[in-house]
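Structure first, then comments.
Rule-based calculations on the coordinates, nothing more; no lab input. Note that this is a predicted model, so its numbers are computed, not measured. Note: ideal-geometry Cβ built from the backbone for every residue, glycine included; neighbour counts use all protein chains shown.
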Amino acid sequence: MSSPTLIFKKRPIVYLQGEPLLLWNWQQEQQTLLEILESKHVRIFSECRSGFCGACRTKVRQGSVKYLIEPLAELAADECLPCCCIPNEDLDLDITTEGADMPPVYQDKYA
Ligand code: FES
């Protein structure tokens, strides 16, 4: 008798310019990356919030995203639209940490 195989997917870490911001919670999957970044006071511009205008276009330094809806805005291979995606794996975004609620271990560095 064979036992069922359990497959665990590691929760992605979201980084800002190499600094860890948060451990993605799959229960957040109903929320977009943009909404989660905003909840952490990350400075990011947005307009349509539906993948149409491209205003939230963000450079991805490392990792990949999964789109919840297919974006209409054109993107380079190293860009994503946080308004309509979630992390697919560890994700390092080219966004400043300035003003963001970074984890406590990093607060002294930015105080
Ligand atoms: S805010 Fe318009 S594409 Fe993201």
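Spatially close Lys pairs in the chain, defined by Cα atoms under 20 Å apart and a spacing of eight or more places or different chains, total 4. Whole angstrom only: what separates the Cα centroid of the stretch 18-35 from the Cα centroid of the stretch 47-105? So the separation of the two Cα centres works out to 11 Å. When the chain is treated as a GNM, springs tying every alpha-carbon pair under 10 Å, which of A77, A100, A55 comes out with the largest mean-square fluctuation? Comparing A77, A100, A55 in a Gaussian network model of the chain, the most mobile one is A77.
For the stretch 13-110, what relative contact order do you get, as a whole percent, if you take Cα pairs closer than 8 Å and at least 6 residues apart? So the answer I get is 39 percent. Over the stretch 45-94, with a single point scatterer placed on each C-alpha, what log10 of the ratio I(q)/I(0) does the Debye formula yield at q = 0.14, 0.19, 0.31 1/Å? With one equal scatterer per Cα and no solvent, log10 I(q)/I(0) is -0.28, -0.52, -1.30. Every helix of 4 or more DSSP H residues in the chain counts as -39500 (n - 2.57), and over all residues that averages to -3000 deg cm²/dmol at 222 nm. Per the Debye calculation on the chain with a single equal scatterer at every Cα and no solvent contribution, log₁₀ I(q)/I(0) for q = 0.12, 0.15 Å⁻¹ amounts to -0.42, -0.62.
Cut-off 10 angstrom, C-alpha nodes, Gaussian network model of the chain. Which of E47, E19, E38 fluctuates the most? Looking only at E47, E19, E38, the largest GNM fluctuation is found for E47. For the stretch 1-107, chymotrypsin sites (Phe, Trp or Tyr not before Pro) are listed when DSSP marks them as loop and at most 13 other Cβ atoms sit within 10 Å of their Cβ; the list is F8, F45.
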